[in-house]
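Below is one structure, written out as structure tokens; comments come after it.
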Amino acid sequence: MKIKYLILALLPLGLAACQSSDMQTFGDNVVTILQQQNPSKTLNAYDWHLDTGASKHMVLKFDNEGRFSVSTTCNTLGGSWKVESNQLVVGQLMSTMIGCNDQAMQQEKLAGQLFEQKAIPLFLDVKDANAPTLTLMSSNGQRYVFTGKMTPETKYQGQAETIFLEISPQTKSCTGVAAQTCLQVKEIKYNEQGLKTYQDQNWSLFYDTIEGYTHSPNERQIIRVKRYTIKNPAADQSKYAYVYDMAVEREAIKGSL
């Protein structure tokens, strides 16, 4: 995959001067919020979504090792990050280079323009911990409001175990707490050479849900899943939460398409 480097430009001094009043107001609001929390930990605890009108949201992710990514409908940008003096300070950007349609290109152009700044004024509002907002100001004074969605690590307060499940195209009626429809699964282990071994040759009923996964009766799939342990689950609740990560294998069922 080709990588392109986006050279970051310094904000023009004249532009900064003419916007000084707006920036001051923005900065005063930032101080009020950031004095009450650790902004770096908050940024890391959520995935940040911006609706730009494209088919998919622009999504920001900040890891705890000083790297961030910007996922668009088509390409992904990334670089280093830190918070200093109420600003998001980013390093040199890198981007994948996939051909995109016009709508996706507009979203990617917006991402490039916003993050080509070395220091981006930010406003972090966490009054609603379930849907905090991150406002970033571009060099021309435009504000972009991202909405936070808790990462699974934040939501479940721990790291996940990675497991692999083969999913049958056919579901079955089952009864857990109440009558429901269950997936049929087989757990798989992979060795260092990538060879798979089935833990059980028979299908097992899966009573839980897999967040982010959509079942298809027309496909046999092997998926990678993150399994989190729920702390202090209710009496009628599973001790695990499952989050879809990616499809490893997909096979259309003959005659279904």
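Summary of values
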item	result
Fewest-first ranking of T181, T96, using other Cβ atoms within 10 Å as the exposure measure	T181, T96
The stretch 127-161 residues near the modelled E187 label - backbone nitrogen below 17 Å, point 7 Å along Cα→Cβ	160-161
Inverse of mean 1/r across different Cα pairs in the stretch 91-160, Kirkwood, Å	14.5 Å
Residues T76 and K239, FRET efficiency given R0 of 35 Å [Cβ-Cβ distance, rounded to 0.05]	0.55
Förster radius 35 Å - calculated FRET efficiency between Q142 and N232, Cβ distance, rounded to 0.05	0.20
Overall Cα dimensions of the stretch 79-131, principal axis frame, Å, largest first	38, 27, 14
Cα-centre dipole for the stretch 145-217 with unit charges at Cβ (Lys and Arg positive, Asp and Glu negative), debye to 20	160 debye
Other-chain or far-sequence residues with amide H under 5 Å of E219's (modelled H)	I253
Interchain or long-range residues, amide H under 5 Å from K82's placed H	V89
Approximate spin-label separation S85-R224, in nm, with each point projected 7 Å along Cα-to-Cβ	4.1 nm
Net length gained if the chain between K254 and Q180 were fully extended (0.36 nm per residue, minus Cα distance)	23.9 nm
The stretch 216-257, dipole about Cα centre (Lys/Arg Cβ +1, Asp/Glu Cβ -1), debye to the nearest 20	160 debye
Separation in nanometres of the label points that stand 7 Å from Cα toward Cβ, at T133 and T209	2.7 nm
With 5 Å bins from 0: P(r) over the stretch 156-252, alpha-carbon pairs, percent	3, 12, 21, 25, 20, 13, 5, 1, 0
Relative packing of peptides 60-70, 207-217 - highest average C-beta neighbours within 10 Å first	60-70, 207-217
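Each value in this text was obtained by applying a stated rule to the coordinates, not by laboratory testing. Since this is a predicted model, take the numbers as computed values, not measurements. Note that we place each Cβ from the backbone using ideal geometry, even for glycine, and neighbour counts take in every protein chain shown.
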